[in-house]
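As structure tokens, the structure follows; a few thoughts come after it.
The values are calculated or read from the model by the stated rules, or taken from the named source; none is laboratory data. None of these values were measured; they are calculated from a predicted model. Glycine gets a Cβ as well: all are built from the backbone with ideal geometry, and neighbour counts include every protein chain shown.
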Amino acid sequence: MSAWVTIAIALAAAALGIGAGFWLPPHGRLPHRERARPVRRILLPFTGEAISRRAFEAATRLARAENATIIPAFLARVPMNLPLDTPVPRQSESGMPLLEAIEQRVSALGIPVESRVARGRSYRDALRRILESEQFDRVIVSVPEDERSGLTHDDLLWLIDRVPAEIMLLRPAQTDTRQISGASVSGHF
């Protein structure tokens with residue numbers, strides 16, 4: 001009779017996984033510390049008057065699927081001879097309407113949005129400053145056709161090499177010229 005008890009215990013242990021060296025809780029989920037951390041903050045930096053609609057759509061799809069907040073960030077360059085907090089009205093004329101347009105479109109989709117203006121001596125410096133001051137899980141960059149109009153290829157390589165976040169660089173096909181611009185803002189400032 002004791003042999004039957006030993007066999008029953010061995011079968012029960014094997015069925016529960018104890019004999020294999022692991023055990024799942026009764027509800028079948030992994031403990032919190034072992035689960036993958038969901039993406040919660042998506043940075044969408046831009047430098048000009050428009051961004052690729054593909055980059056915007058990728059950010060909104062990911063944010064909706066992962067319950068994330070989109071942080072559109074206008075990168076503003078401040079000349080070296082001026083203090084970093086000096087107003088830059090000419091850049092703001094193009095960047096702020098786009099920031100508002102992105103914010104309105106993201107809000108209309110029911111996705112949380114927190115806009116930022118990042119200042120620096122260059123676009124890379126502005127991007128570096130915001131990345132050092134805040135934590136982001138993903139960075140989605142709309143790669144410009146003309147390198148002189150925004151982040152350069154060297155800036156993008158720096159981003160890939162130095163930033164400990166998931167990075168998506170999106171450059172639409174040459175035939176896809178759809179963009180989101182500040183001209184699409186509804187309402188008044």
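Values computed for the structure shown
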{"item": "Residue 149 being free of Cβ contacts under 8 Å to residues at least 60 places away in the same chain and not hydrophobic (A, V, I, L, M, F, W, C)", "result": "no"}
{"item": "Top-ranked residue of segment 141-155 - restricted to ones that are within 11 Å of residue 45 (Cβ to Cβ) and either out of contact with any Pro (no Cβ under 7 Å at 6 or more places or on another chain) or modelled with pLDDT of 85 or more (or both), ranked as surrounded by the fewest Cβ atoms within 10 Å (Cβ to Cβ)", "result": "155"}
{"item": "Residue that is nearest to residue 58 (Cα to Cα), among those in segment 78-106 that are crowded, with 19+ Cβ neighbours inside 10 Å and in contact with a Pro (Cβ under 7 Å, 6 or more places away or on another chain)", "result": "102"}
{"item": "Of residues in segment 112-140 being more than 17 Å from residue 51 (Cα to Cα) and hydroxyl-bearing (Ser, Thr, Tyr), the one surrounded by the most Cβ atoms within 10 Å (Cβ to Cβ)", "result": "122"}
{"item": "Residue list for segment 106-131, filter: part of a helix (DSSP H, G or I) and over 20 Å from residue 150 (Cβ atoms)", "result": "106, 107, 108"}
